[in-house]
Amino acid sequence: MENELIIPRRIKRWALESREIASLLTSAYGTALLEAYRDLDCDLLYKSVTHGVGHIERTMLFGAMIARNEHLSETDTRDVLLCCSYHDIGRIDDRYDLEHGKRSAEKIRESEGLRSLFSYPEEAMAAIHSHAVPDGETEGIPEIYGVKDPEKYALLTACLKDADNIDRVRIYDLDETFLRFEGTRQMVPLAWWVLDEYLRTHTVLCFGDSNTFGYNPRTGGRYPSYFRYPSILARFLGEDYTVINEGLNGRTTAFPLNGLEWLSGLYAIRPVLAAHCPVDTLVLMLGTNDCAASLALSADEIARGMEKLIRAAQEILLEKQGTLPRIILVCPPHIEESVWKGPFAEDMDRNSLKASAALPGLYEELARRTGCEFLNLDGVIWFSELDSEHLRPFDNYRLAGMLAERIRLKEEE
Ligand SMILES: [Fe+2]
Ligand SMILES: [Fe+2]
């Protein structure tokens with residue numbers, strides 16, 4: 001729906017996975033496509049999910065591939081790409097509409113700026129008019145625009161119709177018999193792949209305790225979504241990402257707290273991940289509640305709990321999605337003695353502080369052993385003075401910033 005192109009940002013990454021796209025990009029047709037994306041005036045496009053910018057940029061991609069398959073000249077390739085760019089600007093709704101091609105062509109005819117972009121404006125306008133009309137009913141259209149080169153008109157029409165038609169995968173209604181070129185029929189699996197990749201977002205799941213939940217140390221309630229680090233992370237990462245908050249007050253790595261089994265992360269991890277897969281990146285931030293005096297755990301035992309949790313996460317995701325997620329193991333800040341002056345004084349004893357202080361080293365080693373990435377907050381971020389166990393809004397921002405940088409860097413490699 002947004003007026004922002006996605007393919008120019010992703011196409012280099014796609015080229016790593018698709019031989020067809022890689023070979024397009026190394027050709028002059030790839031260069032022409034990138035130029036057409038650069039010059040596309042998105043404000044002119046019809047705004048919709050079905051016929052909006054997404055359909056247009058995919059149609060342009062297919063147009064460039066067809067131009068390459070058919071060995072089109074540079075000028076013809078440019079005209080095909082322009083036809084793909086503006087063929088639907090006359091749409092007024094998403095319904096079956098035989099007139100929208102005519103309206104698109106009229107808009108081009110009325111705009112000196114648009115018309116002058118084409119090498120063969122008359123033939124292109126006639127092709128755009130014809131794209132919305134069934135094959136047998138195009139008689140008389142070339143005359144409306146004063147077409148001088150009927151072959152050029154036929155070529156532009158065929159290329160536009162194929163490029164436009166193959167993107168019918170987006171409505172799960174592609175009839176391959178309508179495709180004109182054999183080369184386009186061979187592109188059908190690619191069209192499905194492009195659609196999947198186009199609509200795909202990278203899912204980040206933040207699994208943690210009250211600091212992921214967004215516990216507010218001032219009120220004992222929950223921060224507004226605006227201040228929780230997973231929500232901030234979502235804003236930082238933008239539309240290509242989905243960020244899921246799976247934080248729970250009192251959650252431990254793998255131990256029932258206060259006799260409550262469901263507070264164990266190990267208890268929850270399988271159903272949570274199975275419900276949200278595919279998960280691309282899993283952020284695990286736990287360990288503070290494991291330090292509770294009532295559990296009397298050593299740092300080694302907590303790290304072993306975290307290891308069980310990581311192994312369970314890897315196992316369930318490998319089973320459900322066939323791939324291992326990227327896991328960022330986040331070590332929380334250590335608990336300071338000031339906790340004894342706050343509302344959680346009863347929960348923490350000397351052993352709690354000792355265990356908490358030893359976690360960073362153990363987690364770092366654990367991350368190495370289990371193929372996770374490690375992000376240490378200890379010494380970087382401090383718990384709020386209000387209760388010595390929870391993050392302030394500002395620290396939620398800092399944590400989200402560090403995670404966003406990590407997640408993006410890897411994506412752009
Ligand atoms: Fe159309
Ligand atoms: Fe279209």
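Name the residues in the range 104-144 that are among the charged types (D, E, K, R), more than 20 Å from Asn165 (Cα to Cα) and either within 16 Å of ligand 2 (Cβ to nearest atom) or buried (at least 16 other Cβ atoms within 10 Å of the Cβ) (or both), would you? Within the range 104-144, Glu106, Lys107, Arg109, Glu122 meet the criteria. Once the range 11-50 is narrowed to residues that are loosely packed, with under 13 Cβ neighbours inside 10 Å and under 19 Å from the mean Cα position of the chain (by Cα), the residue that is farthest from ligand 2 (Cβ to nearest atom) is Leu16.
For the range 51-97, the set of residues classified as more than 10 Å from ligand 1 (Cβ to nearest atom) and in contact with an Asp or Glu (Cβ under 6 Å, 6 or more places away or on another chain) consists of Arg58, Ile66, listed by residue number. Residues being within 13 Å of ligand 2 (Cβ to nearest atom), outside any helix (DSSP H, G or I) and crowded, with 17+ Cβ neighbours inside 10 Å are represented in the range 51-65 by at least one member. Here the condition is being hydrophobic (A, V, I, L, M, F, W, C), in contact with a Leu (Cβ under 6 Å, 6 or more places away or on another chain) and at pLDDT 95 or above; of Leu263, Leu179, Leu190, it holds for Leu263 alone.
Taken over the range 366-379, the residue count meeting the criterion of being assigned to a loop (DSSP other than H, G, I, E, B) and at pLDDT 95 or above is 3.
Quick one: is Arg168 free of Cβ contacts under 8 Å to residues at least 40 places away in the same chain and either among the basic types (Lys, Arg) or surrounded by 24 or more Cβ atoms within 10 Å (Cβ to Cβ) (or both)? So Arg168 passes the test. Among the residues making up the range 226-244, those that are crowded, with 21+ Cβ neighbours inside 10 Å and under 15 Å from His276 (Cβ atoms) are Pro230, Ala234, Val243. All of (1) closer than 21 Å to Val279 by Cα; (2) surrounded by fewer than 24 Cβ atoms within 10 Å (Cβ to Cβ) hold for Thr212 with one exception: (2). Mind listing just one residue for me: the one in the range 312-324 that is in contact (Cβ under 8 Å) with a residue 12 or more places away in the chain and under 21 Å from the mean Cα position of the chain (by Cα) and, of those, surrounded by the most Cβ atoms within 10 Å (Cβ to Cβ)? The qualifying residue surrounded by the most Cβ atoms within 10 Å (Cβ to Cβ) is Leu317.
If you check Phe374, Phe344 for being assigned by TED's automatic domain parsing to the domain that holds Thr212, within 22 Å of Leu391 (Cβ to Cβ) and over 29 Å from the mean Cα position of the chain (by Cα), only one passes: Phe344. Pairs linking a residue in the range 291-311 that is over 14 Å from Ile327 (Cα atoms) to a residue that is crowded, with 20+ Cβ neighbours inside 10 Å and hydroxyl-bearing (Ser, Thr, Tyr), with Cβ atoms under 6 Å and 6 or more positions apart or on different chains, are Cys291/Ser352; Cys291/Ser356; Ala293/Ser352; Gly305/Thr253. Of all residue pairs spaced 6 or more apart or on separate chains, those with beta-carbon atoms under 8 Å, a first member in the range 398-409 that is under 13 Å from Leu329 (Cα atoms) and a second member that is acidic (Asp, Glu) are Arg406/Glu373.
The values are calculated or read from the model by the stated rules, or taken from the named source; none is laboratory data. The shown structure was predicted, so the numbers you read here are calculated from the model rather than taken from an experiment. All Cβ positions, glycine included, derive from the backbone under ideal geometry; neighbour counts span all protein chains shown.
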